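Inspection log for the structure reproduced underneath, given as structure tokens.
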Amino acid sequence: MLALTEQNIIGEGNSRIVYQHPSRSDLVIKIEKNNTTNNKPNNKIDFIYYKHLIKNHKDTSSIAKCHGWVKTNMGEGLLFEKIVNEDHTDVLTLQKALENKLVSVEAAKKLLDGLLTYLEYNNIILGDISLDNIVYQKIDANDFKLIIIDGLGGRRLKFNFWLYLTFDCLAKRKVKKQIKKLEKYFLEFTNTFR
């Protein structure tokens, strides 16, 4: 069992806390909050969906890799690859990179278009539309990439989730719908910078 403390916390969402793995700098652990009111089993959704992508030989090069379950003193957690820049510094979310003017709206849009093409080609559902679930990664001096770190697959373990896993045609429709939502969200968010 891994021992985690508050010093290991590196992020927090609505229903999960993200911890730096205490002995592996290349991993993070996502643990469900005990007092969550939304009853969304995000770790279970992430695990099932990531296994689905691997089983179906999908390209996961623009997604943080899931490494399975781990027991901790804070409860059961899900291990993920920690996305860092090429110089091993922390990445920023796309939203923070835009707010801090580390990337222009035009350059971010070009990168986002590439990511959306990747999602559509691989039939990967982005269940949670947010620029905070996408990080802006520096891969060398002049090259950047967007990586999805959260929000894949769905928001709830309901009948529709299982339908998307079973029927590609339904998943394709959902992917296209989510892409349009993310494009609209990006446009609305970046209009504040113009």
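Return the subset of LYS40/LYS96; LYS58/LYS172; LYS96/LYS177; LYS110/LYS145; LYS33/LYS71; LYS51/LYS110 for which the Cα-Cα distance in this structure is over 20 Å, preserving the input order. Table pairs above 20 Å Cα-Cα are LYS40/LYS96; LYS96/LYS177; LYS51/LYS110.
Measure off, as a whole percent, the carbon and sulfur share of the 1.4 Å-probe accessible area of the chain, all protein chains present.
Looking at the chain in its full context, I get 51 percent from C and S.
Helices in the chain that qualify as membrane-span-like (whole DSSP H runs, Cα extent of at least 20 Å along the helix axis, mean Kyte-Doolittle hydropathy of 0.0 or higher) are 105-122. Between ASN133, ASN85, ASN14, the Gaussian network model of the chain with springs among Cα atoms under 10 angstrom shows the greatest mean-square fluctuation at ASN14.
Work out the charge dipole of the chain with +1 on the Cβ of Lys and Arg and -1 on the Cβ of Asp and Glu about the Cα centre, then indicate which of LEU94, ALA171, PHE189 is farthest towards its positive end. So the residue we want is ALA171. From most to least packed by mean Cβ count within 10 Å, the peptides 72-79, 159-166 give 72-79, 159-166. If R0 is taken as 35 Å, the Cβ-Cβ distance between ASN14 and ILE139 corresponds to a FRET efficiency of 0.75. Projected label points at TYR118 and LYS172, each 7 Å from Cα along the beta carbon direction, are separated by 2.2 nanometres. Solvent exposure of the chain amounts to 57 Å² per residue of accessible area, where only protein heavy atoms count and the probe is 1.4 Å.
Stretching the chain fully between GLU6 and LYS158 yields a gain of 51.4 nm (0.36 nm per residue, less the alpha carbon separation).
Using just its DSSP H runs of length 4 or more, each adding -39500 (n - 2.57), the chain gives a mean residue ellipticity at 222 nm of -11500 deg cm²/dmol after division by all residues. The magnitude of the dipole of the chain, with charges of +1 and -1 set on the Cβ of Lys/Arg and Asp/Glu and taken from the Cα centre, is near 940 debye.
The trypsin sites (Lys or Arg not before Pro) of the stretch 47-98 include none that meets both conditions, a loop assignment by DSSP and at most 11 other Cβ atoms within 10 Å of the site Cβ.
The values are calculated or read from the model by the stated rules, or taken from the named source; none is laboratory data. These numbers were taken from a predicted model, which means no experiment stands behind them. Every residue, glycine among them, receives a Cβ derived from its backbone with ideal geometry; neighbour counts consider all protein chains shown. Surface areas here come from the heavy atoms of the whole protein model, side chains and all, with no ligands, DNA or RNA. Shrake-Rupley method; radii C 1.70, N 1.55, O 1.52, S 1.80 Å.
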